[in-house]
Amino acid sequence: MTEPAVQALLDGLTRIVGPSHLHLRAAPQDTALAAWENDWRRRSQGQALAVVLPGSTEEVAAVVRLCADAQAATGVSIVPQGGNTGLVVGSTPDASGQQIVLSLRRTQAVRAIDRANLTITVEAGCVLQTLQAAAQEAGFLFPLSLAAEGSCTIGGNLGTNAGGTQVVRYGNTRDLCLGLEVVTAQGTIWHGLSGLRKDNTGYDLRHLMIGSEGTLGIITAATMKLVPLPAAQLTAWAAVPSLDAAVALLALAQQRLASGLTGFEVMGQFALSLVARHFPQLAVPLYQGTPWCVLLENSDHESEAHARAQFESLLEAALEQGCVTDAVVAESLTQARQLWQIRENIPLAQAQEGLNVKHDISVPISRIPEFVRHADALLQQALPGVRLVNFGHLGDGNLHYNVQAPEGCDARAFLAQHEEAINTLVFDAVDRFAGSISAEHGVGSLKIDKLTRHKSAVALDLMRAIKRALDPTGLLNPGRVVRP
Ligand code: FAD
Ligand code: ZN
């Protein structure tokens, strides 16, 4: 039987959103809420008190106020959720059965496009791909792109300050946002949907909210930057003899293509061999005789012919200097898409190969080759035969330095025994090279306990002070990012 205070809370939520937008568990083993309770990587299976889907900012605020009022009597807290594609267990409830999942998926409208201001204002539940399509339809590019774009939401992208494949040119989600509308932990609405590019009236609350993973406020809408659509986007694939050569190629590409360089991804031979093994139809080019391949994108505002000529001249210079041994420029959009598909299928190929330890570390670009040599050697010494699936956004100094069990080994048992040691080894190496243990995916609950070792005590104190000031009762996403 449900306790009266909990029942009153559920009745109140039903009144706010209507019975069809409140989902409850009918029986203890009921799996009806599983889509909201399990994280994308199936690392955690939570148990929600209820899933609530408000249809407007006012409804979000009313839900938060009701939960705040009921918190003392029921122990309820709120987990904001968008597309639930996050990779650090931050958008799903814990096992207590006391958390409400507040899904933003019903608030998904494109509210306005301001052409002269180059901005688009959208609600938090808008799927990234829908936002990209709305921008394109209006003749603009919304330059945030990641493999989860078909299901992640702009609210979640802002919540995690997502990166993706075009950061080298356009920055992270943070750099694309001009204004926010946010429901606070007290259930008030901060109307901060400014389209201003300059505003120095005090602390930048927008940047405080971005990347806070639902722990400081609930983003309900955002004003995002648009850029003019390029006349042509060309993709090239290059074999490089070493990571040092890849870094040299990056410098050359930045110099030759300048702001036209919109993508620079590196992929190790083993990562590509997994794509070749699990997705043979993708026909991975040039990877067999080289330790690394690089995917480059050139966005040109003049013409395709101009972009091609620039690319060819860049690759010729790179071949001459020895930082590239072979290269192809995609002849068509279809071919370009295929090359990107190979890059985007690495995580899926890796998943098919078996369980693995995922990392999204960053170090200064100049130190990447040395970092990889150092960490590879330590891992091989500690766990002989371990396989390194290394790929990522070299243009941002961000590698997905993933670790797979030795061939033929029981991956689950291997991980159970060694995951902690692998993380410690990799994260300590990251510290040694002045890097970050999470460049893109965030902290969630997966890395919360790692921060004490890898972030300064002063920084953690400041983070705690901010959390206590904005959410003193720990209503919003407790147990994520920082403990009070
Ligand atoms: P969710 O997973 O629902 O939530 C993520 C976090 O944000 C949670 O802490 C949640 O509480 C919070 N949150 C969600 N909505 C709101 C809101 N409205 N207000 C406040 N907080 C909110 N990340 C990258 O950075 N780069 C990549 O290239 C990349 N590639 C990916 C590829 C795949 C196949 C997958 C599955 C994930 C990838 N990610 C990548 C992870 C990335 O964090 C998410 O895809 C995306 O940013 C999360 O959006 P979401 O709507 O799914 O958020
Ligand atoms: Zn990434």
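A few notes on this one:
- Within segment 429-442, the set of residues being within 16 Å of ligand 2 (Cβ to nearest atom) and open to solvent by less than 20 Å² (accessible area, probe 1.4 Å) comprises 430, 437, 442.
- For segment 136-156, a tally of residues being in contact with a Pro (Cβ under 8 Å, 6 or more places away or on another chain), under 18 Å from residue 117 (Cβ atoms) and within 16 Å of ligand 2 (Cβ to nearest atom) returns 0.
- Single match in 35, 26, 8 (criterion: open to solvent by 40 Å² or more (accessible area, probe 1.4 Å) and assigned to a loop (DSSP other than H, G, I, E, B)): 26
- One residue stands out among those in segment 345-371 that are of a type outside the set (S, T, N, Q) and more than 16 Å from ligand 2 (Cβ to nearest atom): the one that is farthest from the chain's Cα centre (by Cα), which is 370.
- Residue match in segment 1-16 (condition: of a type outside the set (Phe, Trp, Tyr), within 24 Å of residue 217 (Cβ to Cβ) and in contact with a Gly (Cβ under 9 Å, 6 or more places away or on another chain)): no
- For segment 218-227, the criterion of being more than 16 Å from ligand 2 (Cβ to nearest atom), under 29 Å from residue 338 (Cβ atoms) and either open to solvent by 10 Å² or more (accessible area, probe 1.4 Å) or in a loop (DSSP other than H, G, I, E, B) (or both) is met by at least one residue.
The values are calculated or read from the model by the stated rules, or taken from the named source; none is laboratory data. The structure presented is a predicted model; accordingly, all values stated were derived computationally and were not measured. A quick note on method: Cβ atoms are made from the backbone with ideal geometry, for glycine too, and the neighbour counts reach across all protein chains shown. The accessibility values were calculated without ligands, DNA or RNA, using every heavy atom of the protein model including side chains. Shrake-Rupley method; radii C 1.70, N 1.55, O 1.52, S 1.80 Å.
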